[in-house]
């Protein structure tokens with residue numbers, strides 16, 4: 001269950017981002033992108049999220065997880081194909097083993113949605 | 001009311017990555033080669049490492065190790081039987097090591113005199129994957145007793161490994177371990193990965209593994225010498 005560590009990192013990042021932008025919470029939506037080869041299970045992250053968010057500016061925020069499939073590029077036939085889940089690291093076109101991964105390792109915080117309190121924050125740019 | 005959207009676009013493990021990068025730079029400056037050892041629990045990491053560390057230090061290398069476990073100092077004590085320095089990291093409930101734990105654990109090592117540092121991760125085939133520890137090489141132990149299809153069950157971690165040591169090969173016969181299929185399964189999870197067959201009990205493959213690691217260290221040092 002390393003997803004709890006990941007959820008805690010997410011909240012730290014969210015707090016930092018909100019602060020840097022000169023805003024305040026609460027955060028309503030947290031959008032993340034998680035690759036199929038990242039070792040993160042979306043359900044486990046979702047489960048850990050609620051616990052980790054308690055008492056923070058992310059408490060009650062919805063976690064939106066965009067899952068990115070794994071993709072490989074084949075040196076031999078030059079094609080790019082999507083990996084199955086669970087993956088076998090072979091070209092989907094010619095079947096040769098492929099070591100070059102071009103997508104699927106993502107584990108990114110993409111964006112946060114906050115309630116717009118323009119009256120509190122002043123004019124929006 | 002329309003929500004306000006804050007674009008962030010940053011890696012979730014940014015903090016760990018930053019610490020790992022700093023560690024990697026420091027290791028490079030001081031000429032320390034670092035190996036992150038991963039496997040399931042009970043794969044024989046400590047036993048194999050103790051053997052390999054002894055062989056490498058007999059060849060004149062200064063070797064040290066840190067080892068992560070949820071509880072007990074047993075593994076550090078066993079690793080120290082090799083004659084090398086070993087430090088236990090207690091992770092409490094954590095299922096993997098993170099870069100800051102390594103950073104803290106090596107504080108008392110005189111890194112300048114260390115040639116090779118093993119980081120024995122917590123036994124786990126899922127969680128250690130995304131956590132960079134500043135290592136040069138990630139080694140997987142895969143014991144014969146776990147059955148040849150293990151790499152097919154945990155392909156994503158194995159895909160991040162640079163070297164596979166098949167361990168407990170002295171038990172391959174009794175458990176009817178199909179070595180050829182096991183090798184093919186490792187290949188399918190990580191095409192082209194070097195595979196060494198070892199047994200800490202009989203000593204099979206220990207010299208070969210030591211040769212392989214020594215060559216990697218040599219390679220890094222000669223690159224470093226060019227750079228300096």
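Of the residues A:62, A:73, the single one that is more than 10 Å from chain B (Cβ to nearest Cβ), over 25 Å from residue A:116 (Cα atoms) and either out of contact with any helix residue (DSSP H, G or I) (no Cβ under 8 Å at 6 or more places or on another chain) or at pLDDT 95 or above (or both) is A:73.
Restricting B:52, B:38, B:114 to residues that are in contact with a helix residue (DSSP H, G or I) (Cβ under 7 Å, 6 or more places away or on another chain), more than 14 Å from chain A (Cβ to nearest Cβ) and either touching a residue at least 24 places away in the same chain (Cβ under 8 Å) or closer than 24 Å to residue A:6 by Cβ (or both) narrows the list to B:52. Just one residue in the set B:175, B:193 is surrounded by fewer than 23 Cβ atoms within 10 Å (Cβ to Cβ) and within 14 Å of chain A (Cβ to nearest Cβ); that residue is B:193. Is it fair to say residue A:108 is modelled with pLDDT under 95 and outside any loop (DSSP other than H, G, I, E, B)? So residue A:108 does not fit the description; no. For residue A:59, the test of being surrounded by fewer than 17 Cβ atoms within 10 Å (Cβ to Cβ) and assigned to a loop (DSSP other than H, G, I, E, B) is passed.
Screening region B:62-93 for residues that are within 23 Å of residue B:47 (Cβ to Cβ) and within 14 Å of chain A (Cβ to nearest Cβ) and picking the one that is nearest to the chain's Cα centre (by Cα) gives B:68. Within region A:16-34, restricting attention to residues that are at pLDDT 95 or above and either closer than 17 Å to residue B:126 by Cα or touching a helix residue (DSSP H, G or I) at 6+ places or on another chain (Cβ under 8 Å) (or both), the residue that is nearest to the other protein chains (Cβ to nearest Cβ) is A:32.
Here residue B:10 passes the criteria (1) free of Cβ contacts under 8 Å to residues at least 60 places away in the same chain; (2) touching a helix residue (DSSP H, G or I) at 6+ places or on another chain (Cβ under 7 Å); (3) within 14 Å of chain A (Cβ to nearest Cβ); (4) crowded, with 16+ Cβ neighbours inside 10 Å except the one numbered (4).
Among (1) touching a residue at least 24 places away in the same chain (Cβ under 8 Å); (2) more than 8 Å from every other protein chain (Cβ to nearest Cβ), which single condition is residue A:43 missing? Tallying (1) touching a residue at least 24 places away in the same chain (Cβ under 8 Å); (2) more than 8 Å from every other protein chain (Cβ to nearest Cβ), residue A:43 fails exactly one: (1). The criterion of being more than 17 Å from residue B:40 (Cβ to Cβ), crowded, with 22+ Cβ neighbours inside 10 Å and away from chain A (no Cβ under 14 Å) does not hold for residue B:137.
The values are calculated or read from the model by the stated rules, or taken from the named source; none is laboratory data. Quantities reported herein were computed from a predicted structural model and do not represent experimental measurements. Here the Cβ is made from the backbone with ideal geometry for all residues, glycine too, and neighbour counts use every protein chain on show.
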